[in-house]
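The values are calculated or read from the model by the stated rules, or taken from the named source; none is laboratory data. Small disclaimer: the values here were computed from a predicted structure and weren't measured. Note that each Cβ is placed from the backbone with ideal geometry, even for glycine, and that neighbours are counted across all protein chains shown.
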Amino acid sequence: MNIEEKNMSEFFTLVSASLSKNGFKPKEIKISEKDLINSKECFYIFDLNKNKVIYHNGFHNLLGFQEENITLEFILDKYHPEDIETINRITKATILHCLSTPYQCSDVNLQMTYRIRKDDDSFINILSQSTAYHTNDEGMMTHILVKLTDISFLESPFCVNWFFHAKNLDVKAFRNQIYKAYNDFFTEREKEIIIEIKNEQTTNQIAEKLNISDHTVATHRKHILKKANLHNTKDLLLFCKRKGVL
């Protein structure tokens, strides 16, 4: 099993061990007053060398959890079950990119939207913003600042959205790394039909465009829904967006 297939706890343990093995020396940092937040936000700083959250604030106000309980494992456990897989793939791809490109980590910026559980077991939609809080003398990112903001006022069918900025990033390769598990989930013909469904084309219109029969299109549509264990095209399009098919 390679590092990308590890669970998040094992993943960060291996990252910490790798930094130590390669001689990247941990360095104590001071938390700045600039990190003050409002009642709809919380944040934490994660030390990659120590593999632990070294500072956090706002979790009680935003999510209802006691501050003394906050650890990385505690936070990861609060992700919505439908969002965990995508969040983990994005996080791993981001960390691995930063580890492979020292001296280019100071202005990295990862933004994601996902759902997180509160103390009362309800879920809220949040915007997560992650940046390099500190880099060492070798230019390696050693501390990550993660800020969570409540965006539940934005009402829409939910899926994990994300944006990642880094110098010299190969966006296509980065995206393929995140969604590679679903690259071959649908056949090329099925993807063509899904795209036409997204474009609100009827079965007859799809058949004419792809030069196949109505019956063939209808059969493909039935197989597509069955393969994804779905019942309608609305859920299909949301599934495809969540899994990076579209």
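This table checks each residue for (1) of a type in the set (S, T, N, Q); (2) in contact (Cβ under 8 Å) with a residue 40 or more places away in the chain.
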site: Thr187; (1), (2): yes, no
site: Ile194; (1), (2): no, yes
site: Lys198; (1), (2): no, yes
site: Ile212; (1), (2): no, no
site: Asn232; (1), (2): yes, no
site: Leu237; (1), (2): no, yes
site: Lys241; (1), (2): no, yes
Just the residues that are in contact with a Phe, Trp or Tyr (Cβ under 6 Å, 6 or more places away or on another chain) and without any contact (Cβ under 8 Å) to a residue 40 or more places away in the chain, please, taken from the stretch 68-85.
Ile70
In the stretch 156-172, is there at least one residue being part of a helix (DSSP H, G or I) and not small (Gly, Ala, Ser)?
yes
Could you check Ile87 against (1) within 24 Å of Ser20 (Cα to Cα); (2) part of a helix (DSSP H, G or I) and say which number it fails?
(1)
When restricted to Ile206, Ile194, the only residue among the hydrophobic types (A, V, I, L, M, F, W, C), farther than 30 Å from Tyr79 by Cβ and not assigned by TED's automatic domain parsing to the domain that holds His80 is Ile206
How many residues are of a type outside the set (A, V, I, L, M, F, W, C) and surrounded by 15 or more Cβ atoms within 10 Å (Cβ to Cβ) when one looks only at the stretch 199-222?
5
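Residue-by-condition table, conditions (1) at pLDDT 90 or above; (2) not in a loop (DSSP other than H, G, I, E, B):
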position	(1), (2)
Thr113	yes, yes
Asp119	yes, no
Leu145	yes, yes
Ala181	no, yes
Phe186	yes, no
Arg189	yes, yes
Ile193	yes, yes
How many residues of the stretch 38-55 are in a strand (DSSP E or B) and either of a type in the set (Asp, Glu) or surrounded by 17 or more Cβ atoms within 10 Å (Cβ to Cβ) (or both)? The answer is 9
Checked the stretch 57-83 for anything among the aliphatic types (A, V, I, L, M), outside any loop (DSSP other than H, G, I, E, B) and over 15 Å from Asn7 (Cβ atoms); matches are Leu62, Leu63
Could we say that Val171 is under 26 Å from Cys105 (Cβ atoms) and surrounded by fewer than 12 Cβ atoms within 10 Å (Cβ to Cβ) here?
yes
